[in-house]
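Encoded as structure tokens, the structure appears first; notes follow it.
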Amino acid sequence: MPTERIAILTSTAPLRKTTTHHGVTKQRLNLDACIELANRFDVVIIGSLSADEVYEHIERNIPPQFRPKFRLYPRSFFHRFRTDEVLRTTDDPRNAAWEQILKENGVRFEVLRSVIGADFRHTQKKFTWDTMTDFIMDRRVTLVSGSEGQLFCDAPATLQR
């Protein structure tokens, strides 16, 4: 049985395209990019601080046969991980949110990694959403980035070594 392939996007930028019509420039959903992801992957996880309305638009416009493949996490999901001002630390709430997203979707990852520093000592590196590539240990995962409909696909850095 083939293993399920998972695409992870931490931005909606690869799903947008800019069009100009009669001097008016608008950003639109690049449905071709969405369909390409749906055809290439079994699960497409998209999460960012883009407005909930952006995600509602994506969900409404994805063809019905592909909708079950998409797991969408809009701004309101990430805002649940905010801390009170009094308790706020330097931690970005997106870190905890992305940990939750990965857990919910059965993606293997580490929260702490032991790395050798420039002084040849072992140090602990903590999971952050923007360095997720260094913590994902799941061969099914492809990290997708890009802009304006360009899809750049990379295996997590931990698996490229």
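Within region 135-144, the set of residues being outside any loop (DSSP other than H, G, I, E, B) and either at pLDDT below 95 or of a type in the set (A, V, I, L, M, F, W, C) (or both) comprises ILE136, VAL141, LEU143, VAL144. Go through the residues of region 103-126 one by one and say whether even a single one is within 21 Å of LEU15 (Cα to Cα) and outside any loop (DSSP other than H, G, I, E, B). No, there is no match, as no residue in region 103-126 is within 21 Å of LEU15 (Cα to Cα) and outside any loop (DSSP other than H, G, I, E, B).
The values are calculated or read from the model by the stated rules, or taken from the named source; none is laboratory data. Bear in mind the structure is a predicted one, so any value in this text is a computation, not a measurement.
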